[in-house]
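Encoded as structure tokens, the structure appears first; notes follow it.
The values are calculated or read from the model by the stated rules, or taken from the named source; none is laboratory data. Since the model is a prediction, treat every value here as computed from it, not as a measurement. Every residue, glycine as well, gets a Cβ built from its backbone with ideal geometry; the counts of neighbours run over all protein chains shown. Please note that ligands, DNA and RNA were not included when accessible areas were found on the heavy atoms of the full protein model with its side chains. Shrake-Rupley method; radii C 1.70, N 1.55, O 1.52, S 1.80 Å.
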Amino acid sequence: QVQLVESGGGLVQAGGSARLSCAASGRIFSINAMGWYRQAPGKQRELVAISSGGSTNYADSVKGRFTISRDYAKNTVVLQMNALNPGDTAMYYCNAEIKFRPGGPASYTWGQGTQVTVSS
């Protein structure tokens, strides 16, 4: 089956930057979309950014600060995070909408998550 592996999390000072990467591997026909979600303690998991159909969308709270990009050949997605603040502290999860065969249904796969902690 498909596996998503995230990397790049850690402790970052407020105002700093971090770069999260996610790589999908396994039997893949195509990936319709790849995105990043995050979940902070006591809060629901929320969409941070998504790349789908050649377009990108961002949560209002990260617009202008975060940038999502995909490498279609390598089945990877990167989230560049700038001007981080303590409100960005959360577990970040990679998600992908994947088709395993032409004409088949799309399935969703989640990574294990990577912790991003922003200190002030």
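Go through the range 91-103 and give me each residue that's of a type in the set (Gly, Ala, Ser) and open to solvent by less than 50 Å² (accessible area, probe 1.4 Å).
96
For the range 88-114, what are the residues that are among the small types (Gly, Ala, Ser), under 16 Å from residue 25 (Cβ atoms) and either in a strand (DSSP E or B) or in contact with a helix residue (DSSP H, G or I) (Cβ under 9 Å, 6 or more places away or on another chain) (or both)?
Passing the criteria: 96, 107.
Counting just the residues of the range 64-80 that are open to solvent by 40 Å² or more (accessible area, probe 1.4 Å) and polar (S, T, N, Q), which one comes out farthest from residue 115 (Cα to Cα)?
Applying the filter and picking the extreme gives 75.
Inside the range 1-42, can you point out the residues that are out of contact with any Asp or Glu (no Cβ under 8 Å at 6 or more places or on another chain), closer than 30 Å to residue 101 by Cα and of a type in the set (A, V, I, L, M, F, W, C)?
Quick first cut of the range 1-42, residues out of contact with any Asp or Glu (no Cβ under 8 Å at 6 or more places or on another chain) only: 1-19, 23-30, 35-36, 40-42.
Applying the additional criterion that residues be closer than 30 Å to residue 101 by Cα yields 1-7, 23-30, 35-36.
Across the range 1-42, the qualifying residues are 2, 4, 5, 23, 24, 28, 29, 36.
When both residues are 6+ apart or on different chains and their Cβ atoms are under 6 Å apart, which pairs have a first residue that lies in the range 49-64 and is closer than 19 Å to residue 90 by Cα, and a second that is among the aromatic types (Phe, Trp, Tyr)?
What qualifies is 49/36; 49/58; 49/66.
Which of the residues belonging to the range 26-61 are of a type in the set (Gly, Ala, Ser), under 20 Å from residue 72 (Cα atoms) and either surrounded by 13 or more Cβ atoms within 10 Å (Cβ to Cβ) or under 10 Å from the mean Cα position of the chain (by Cα) (or both)?
Matches in the range 26-61: 30, 33, 35, 49, 51, 52.
When you go through (1) open to solvent by less than 20 Å² (accessible area, probe 1.4 Å); (2) of a type in the set (Asp, Glu); (3) free of Cβ contacts under 8 Å to residues at least 24 places away in the same chain one by one for residue 88, which number turns out not to apply?
(3)
Just checking, how many residues over the range 4-25 are open to solvent by 50 Å² or more (accessible area, probe 1.4 Å), farther than 18 Å from residue 72 by Cβ and aliphatic (A, V, I, L, M)?
The qualifying residues number 2.
So which of 106, 83 ends up being of a type outside the set (Phe, Trp, Tyr) and either more than 23 Å from residue 43 (Cα to Cα) or open to solvent by less than 40 Å² (accessible area, probe 1.4 Å) (or both)?
Selected residue: 106, the only one of 106, 83 that is of a type outside the set (Phe, Trp, Tyr) and either more than 23 Å from residue 43 (Cα to Cα) or open to solvent by less than 40 Å² (accessible area, probe 1.4 Å) (or both).
Determine whether the range 111-120 contains at least one residue that is surrounded by fewer than 18 Cβ atoms within 10 Å (Cβ to Cβ), over 15 Å from the mean Cα position of the chain (by Cα) and under 14 Å from residue 8 (Cα atoms).
yes
Can you tell me which residue within the range 78-87, out of those that are assigned to a loop (DSSP other than H, G, I, E, B) and of a type in the set (A, V, I, L, M), is nearest to the chain's Cα centre (by Cα)?
Per the criteria, the residue is 84.
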